[in-house]
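Have a look at the structure below before the remarks.
The values are calculated or read from the model by the stated rules, or taken from the named source; none is laboratory data. Keep in mind that this is a model prediction, so the values were computed, not measured. Every residue, glycine as well, gets a Cβ built from its backbone with ideal geometry; the counts of neighbours run over all protein chains shown.
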Amino acid sequence: MTAYPAPHLLTFSQIGEADIGYLSVSESAEPPLPFAVQRVFWTYYTPDNILRGRHAHRATEHVLLAVAGRIVVTLEHASGRLEIFSLESPHVGLYVPPHVWHTMQYSPGAVQLALASRPFAEDDYIREYPEFREVWG
């Protein structure tokens, strides 16, 4: 089985000043992105009472960014260990490896940008929690 880095935060450049605004660039993330980006998607207008995600991936890695608002990301490892991250700065992203169950809850007006290591493939998803526990638990 492939070894992936543990979930961790990445800090992107923040070029500019408060009075003129900022620009962030992925080529200068610290630590660097652990994969070549193959897909980009974004989520928005999600009501704050909706829990999104609720799945794991067999092989796809992600970096999630809250480009607006706040996103609370809960990760569950195969061991059962939980990690909770609050993303609320557009220059900080969260690396999510495969084999990790993840859910996201959004503040009103939040926009999530996701960078993925692979194109979309339905067979990469584990959408049922009991199957996640069976496969990796």
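For region 70-95, how many residues meet the condition of being acidic (Asp, Glu) and under 17 Å from residue 126 (Cβ atoms)? Even if it seems obvious, please write down each step before you answer.
Filtering region 70-95 down to residues acidic (Asp, Glu) leaves 76, 83, 88.
Restricting the remaining residues to those that are under 17 Å from residue 126 (Cβ atoms) gives 76.
Selection size over region 70-95: 1.
Among the residues of region 38-45, is there at least one that is modelled with pLDDT of 95 or more, over 21 Å from residue 82 (Cα atoms) and of a type in the set (Val, Ile, Thr)? Looking for residues that are modelled with pLDDT of 95 or more, over 21 Å from residue 82 (Cα atoms) and of a type in the set (Val, Ile, Thr), one finds at least one in region 38-45, hence yes. Kindly evaluate residue 106 against the criterion of being over 18 Å from residue 7 (Cβ atoms) and either in contact (Cβ under 8 Å) with a residue 12 or more places away in the chain or more than 10 Å from the chain's Cα centre (by Cα) (or both). Answer is yes for this residue.
Look at region 117-128: where a residue is under 15 Å from residue 97 (Cα atoms) and of a type in the set (Asp, Glu) and a partner is surrounded by 11 or more Cβ atoms within 10 Å (Cβ to Cβ) and at pLDDT 95 or above, sitting 6+ places away or on another chain with Cβ atoms under 6 Å, you get 124/57; 124/58; 124/59; 124/60. Filtering region 43-60 to residues that are over 11 Å from residue 104 (Cα atoms), out of contact with any Lys or Arg (no Cβ under 8 Å at 6 or more places or on another chain) and surrounded by 14 or more Cβ atoms within 10 Å (Cβ to Cβ) leaves 56, 57, 58. Suppose we filter region 39-61 for residues that are in contact with a Gly (Cβ under 9 Å, 6 or more places away or on another chain) and closer than 23 Å to residue 26 by Cβ; how many remain? The qualifying residues number 1.
For region 69-80, give me the residue count where each residue is at pLDDT below 95 and crowded, with 18+ Cβ neighbours inside 10 Å.
Final tally of qualifying residues: 0.
Of the set (1) under 23 Å from residue 133 (Cβ atoms); (2) of a type in the set (Gly, Ala, Ser); (3) touching a strand residue (DSSP E or B) at 6+ places or on another chain (Cβ under 9 Å), all apply to residue 66 but (1).
Per the conditions (1) at pLDDT 95 or above; (2) surrounded by fewer than 17 Cβ atoms within 10 Å (Cβ to Cβ); (3) of a type in the set (Gly, Ala, Ser), the sole criterion not satisfied by residue 66 is (2).
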